[in-house]
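A.B. asks: There's a structure below that I have some questions on.
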Amino acid sequence: REIALSTTDLRVFYNGTKEAIHGVSMSFPKNKITALIGPSGSGKSTYLRALNRMNDTIDGARVTGEITYEGVNINDPKVNVYEVRKQIGMVFQRPNPFPKSIYENIAFIHRREGIKEKKKLDEIVEKALKQAALWDQVKDNLNGSALAMSGGQAQRLCIARALSVKPDILLMDEPASALDPISTMQIEETMSDLKKDYTIIIVTHNMAQASRASDYTAFYYSGDLIEYDETSKIFTQP
Ligand code: ADP
Ligand code: ADP
């Protein structure tokens, strides 16, 4: 089985000393959804944020051990974290659309990267919105404000924005926990459609969601990975 990303003896230290992740080694299979579960404070989010270097560059943590992507240890100060984040994208717990139009939420990143042609930007926006299963609802309202969207639609827009950069891997930190049950189901369906093209790693405290929506489940407890297997095996009744 092909591996998209792996860590070897990954440790995360906050405030210089507090070790929040105690040497986790695990591999994420390509084109699968892996759920990270465990009680609040067990380190799921910390581990997830280490994977695209948010922990050390944004949260001020110290991270040791290896994060291997495409044969390279990306936990290295010489690695360009902006390039890492183009390959390993992130969707956050709370939808965080920019205070711009729906269209501009996606187009502006690409214009900043040098794509000026309107037709090309239109294509990027349409493709991303289709992948996030949002196109049909918003195609007649692309100039509407993203801030006027419902929570579920705003989260899909954030997924579309992340996908528009064409990452390999999508990290999702409790992507549905701020949403109503119907939007939650829709996000789960979208994830399942996306896995033919992406590897997805999702943090959730919702066991039912992990059991419904993931292929593999990793159980964290107190900063340790204590179980990792196919989801169907983890949730089998004894
Ligand atoms: P969750 O459990 O849903 O991930 P938390 O409430 O634990 O959310 O954390 C919310 C934010 O606060 C995160 O950005 C996290 O990094 C930060 N945080 C959590 N615990 C601490 C702490 N002990 N000291 C400083 N920041 C923290
Ligand atoms: P989970 O996602 O499983 O709820 P977290 O990764 O948010 O767990 O937190 C793991 C541990 O690290 C907790 O003890 C939390 O308080 C601590 N922590 C998280 N973020 C920070 C931070 N930014 N600064 C200091 N401590 C933090």
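Coordinate-derived values only; no laboratory data. The structure displayed is predicted, hence computed values, not measured ones. Cβ coordinates were reconstructed from backbone atoms using ideal geometry, including for glycine residues, and neighbour counts include every protein chain displayed.
A.B. asks: Residues of the stretch 173-206 with backbone nitrogen within less than 19 Å of a virtual label 7 Å along the Cα-to-Cβ line of Glu2, please, listed as ranges.
C.D. replies: Flagged as within label range: 192-201.
A.B. asks: Applying the Karplus parametrisation 6.51 cos²θ - 1.76 cosθ + 1.60 with θ = phi - 60° to the phi angles of the stretch 19-24, what ³J(HN,Hα) value in whole Hz is obtained for each residue in order, glycine and proline being reported as x?
C.D. replies: Going residue by residue, I get 8, 8, 10, 9, x, 9 Hz, with x marking Gly and Pro.
A.B. asks: Where the centroid of each part is defined by its Cα atoms, how far is the stretch 200-238 from the stretch 127-150 in Å?
C.D. replies: Taking the Cα centre of each part, the stretch 200-238 and the stretch 127-150 sit 31 Å apart.
A.B. asks: Calculated FRET efficiency, Lys233 and Phe13, Cβ-Cβ r, R0 30 Å, to nearest 0.05?
C.D. replies: For R0 = 30 Å, the calculated efficiency reads 0.40.
A.B. asks: For the stretch 1-60, what mean projected area does the convex hull of the alpha carbons give, in nm²?
C.D. replies: The orientation-averaged projected area of the Cα hull of the stretch 1-60 comes to 4.4 nm².
A.B. asks: I've got another one for you. To the nearest 0.05, how large is the calculated FRET efficiency for Ser192 and Thr68 if R₀ is 35 Å and r is the Cβ-Cβ distance?
C.D. replies: In this case the efficiency is close to 0.85.
A.B. asks: Show me, bin by bin at 10 Å from 0, the whole-percent P(r) of the stretch 29-73 based on Cα pairs.
C.D. replies: 23, 48, 28, 1
A.B. asks: Using Stokes-Einstein with the Kirkwood hydrodynamic radius over Cα pairs, what translational diffusion coefficient do you get for the stretch 112-169 at 20 °C and a viscosity of 1.002 mPa s, in µm²/s rounded to a whole number?
C.D. replies: 180
A.B. asks: State the extension gain, in nm to one decimal, for the chain segment bounded by Glu126 and Met185, taking 0.36 nm per residue of separation less the distance between their alpha-carbons.
C.D. replies: Full extension of this stretch gives 19.0 nm more.
A.B. asks: Just to check I understand the Karplus step: with θ = phi - 60° and J = 6.51 cos²θ - 1.76 cosθ + 1.60, what whole-Hz values come out for the stretch 218-234, glycine and proline as x?
C.D. replies: Along the stretch 218-234, the couplings run 10, 9, 9, 8, 6, x, 10, 7, 9, 7, 8, 7, 4, 4, 4, 7, 4 Hz.
A.B. asks: Return the calculated 222 nm mean residue ellipticity for the chain, to the nearest 500 deg cm²/dmol, obtained by summing -39500 (n - 2.57) across DSSP H runs with n ≥ 4 and dividing by the residue count.
C.D. replies: About -10000 deg cm²/dmol.
A.B. asks: Using 0.36 nm per residue, how much length does the chain from Asp140 to Asp224 gain when fully extended, once their Cα-Cα distance is taken away?
C.D. replies: 25.5 nm
A.B. asks: What are the residues whose amide H is under 5 Å from the amide H of Asn75, where those residues sit 5 or more places off or on another chain and H is modelled from the backbone?
C.D. replies: Under 5 Å from the amide H of Asn75: Ile67.
A.B. asks: Quick check: pseudo-label points 7 Å beyond the Cα along Cα→Cβ at Arg212 and Asp76, how many nm apart are they?
C.D. replies: 4.2
A.B. asks: Which residue fluctuates the most in the chain, going by a Gaussian network model with Cα springs under 10 Å, if the choices are Lys196, Lys119, Lys100?
C.D. replies: Lys119
A.B. asks: Let me check the size of the stretch 124-225 from its C-alpha atoms; what are the radius of gyration and Dmax in Å?
C.D. replies: 14.3, 48
A.B. asks: Just for the Cα atoms in the stretch 193-238, what are the lengths along the principal axes, largest first, rounded to whole Å?
C.D. replies: For the stretch 193-238, the Cα extents along the three principal axes come out at 31, 26, 17 Å.
A.B. asks: Counting just the Cα atoms, what span does the chain cover along each of its three principal axes? Round to the nearest Å and put the largest first.
C.D. replies: Here the spans come out as 48, 45, 34 Å, largest first.
A.B. asks: Can I ask one more? Give me the angle, in degrees from 0 to 90, between the Cα long axis of helix 102-112 and the longest principal axis of the Cα atoms of the chain, rounded to the nearest 10.
C.D. replies: Computed tilt is about 80 degrees.
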